[in-house]
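The values are calculated or read from the model by the stated rules, or taken from the named source; none is laboratory data. Predicted, not measured: the structure shown is a model, and the values here were computed from it. Methodologically, a virtual Cβ is constructed for each residue, glycine included, from the backbone with ideal geometry; neighbour enumeration extends over all protein chains shown. SASA here: full protein model, heavy atoms, side chains in, ligands and nucleic acids out. Shrake-Rupley method; radii C 1.70, N 1.55, O 1.52, S 1.80 Å.
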Amino acid sequence: MTKFLSFTERADFLREVVKAIRDGVKFDALVGGPSPIGSDEEMIGMGEVSGAAEDYYTDALDAQLRADGRK
């Protein structure tokens, strides 16, 4: 049986996927080989992506609250 995710569930899923990837790189940057741009640059890029995913999640929650008439 297929379960479809709601708008906020999709935003949360994206946030969790990005966090899992960022944590993997953060705690073991050599898994899969070293980054050709360097680990510091890779973490900066991951931080930007992670921040964007967090912002999207927060925006999704705010939008859902407004749509529900709770904000």
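At-a-glance table
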| quantity | calculated |
| --- | --- |
| Cα-projected label distance for PHE4 with ILE21, points at 7 Å along beta-carbon direction, nm | 2.6 |
| Gain in span if fully extended, LEU14 to SER39, counting 0.36 nm per residue against the direct Cα distance | 6.7 nm |
| The chain: angle of helix 7-27 to the longest principal axis, Cα-based, in degrees nearest 10 | 20 |
| Rounded to the nearest 10 Å², the accessible area of GLU48 at probe 1.4 Å | 130 |
| Per residue accessible area in Å² of the chain, where ligands, DNA and RNA are left out and the probe is 1.4 Å | 76 |
| Residue (of PHE27, LEU5, GLY38) at the positive-pole extreme of the chain, dipole from beta-carbon charges | LEU5 |
| Portion, in percent, of the accessible area of the chain that falls on carbon or sulfur, probe 1.4 Å | 59 |
| Hz values of 3J(HN,Hα) by residue in the stretch 36-49 - Karplus curve (6.51, -1.76, 1.60), Gly and Pro given as x | x, 9, x, 5, 5, 5, 5, 5, 4, x, 4, x, 5, 5 |
| Accessible-area order (highest first, 1.4 angstrom probe) of the listed residues ASP40, ASP68 | ASP40, ASP68 |
